[in-house]
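Okay, so here's the structure we're looking at.
The values are calculated or read from the model by the stated rules, or taken from the named source; none is laboratory data. Nothing here was measured: the structure is a model prediction, and the numbers come from that model. Methodologically, a virtual Cβ is constructed for each residue, glycine included, from the backbone with ideal geometry; neighbour enumeration extends over all protein chains shown. Note: accessible area is taken over every heavy atom of the protein model, side chains too, but ligands, DNA and RNA are not part of it. Shrake-Rupley method; radii C 1.70, N 1.55, O 1.52, S 1.80 Å.
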Amino acid sequence: MRIVADLGKCEGLGMCEAMAPDFFEVDEDGVVEVLDAEPGEEHRADLTAAVDACPVLALALQG
């Protein structure tokens, strides 16, 4: 599985960071930084919740 972030869409609202802080961080510029782009399958449920929480649809999971 791979986390994909569309930085052009990201508005830095931080919903992803609140849901999965081990994988997402909103930087000083207000843009999401993916901390672990290829997490283990055991994190799928948490990451799916974080991706689904993004109000601007800037995140996706592949694989």
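3J(HN,Hα) along the stretch 29-38: 8, x, 10, 5, 10, 7, 7, 9, 6, 10 Hz, from the Karplus curve 6.51 cos²θ - 1.76 cosθ + 1.60 with θ = phi - 60°, whole Hz, x for Gly and Pro. Does anyone have the angle between helix 44-53 and the longest principal axis of the chain? Alpha-carbon axes, 0 to 90°, nearest 10? The two axes meet at around 30 degrees.
Placing unit charges on the Cβ atoms of the charged side chains and taking the dipole of the chain about its Cα centre, the candidate lying farthest along the positive direction among Leu57, Cys16, Gly40 is Leu57. For the stretch 5-15, putting each phi into the Karplus relation 6.51 cos²θ - 1.76 cosθ + 1.60 with θ = phi - 60° gives couplings of 10, 8, 5, x, 8, 4, 10, x, 6, x, 4 Hz, in residue order, rounded to whole numbers and with x for Gly and Pro. In a reduced charge model with +1 at each Lys and Arg Cβ and -1 at each Asp and Glu Cβ, the chain shows a dipole moment near 320 debye about its Cα centre. Looking at the chain, the accessible area is 61 square angstrom per residue; that uses a 1.4 Å probe and ignores ligands, DNA and RNA.
To put it simply, the accessible area of the chain at a 1.4 Å probe is 48 percent carbon and sulfur. The helix-only estimate of mean residue ellipticity at 222 nm for the chain, built from DSSP H runs of length n ≥ 4 each weighted as -39500 (n - 2.57), is -6000 deg cm²/dmol after division by the residue total.
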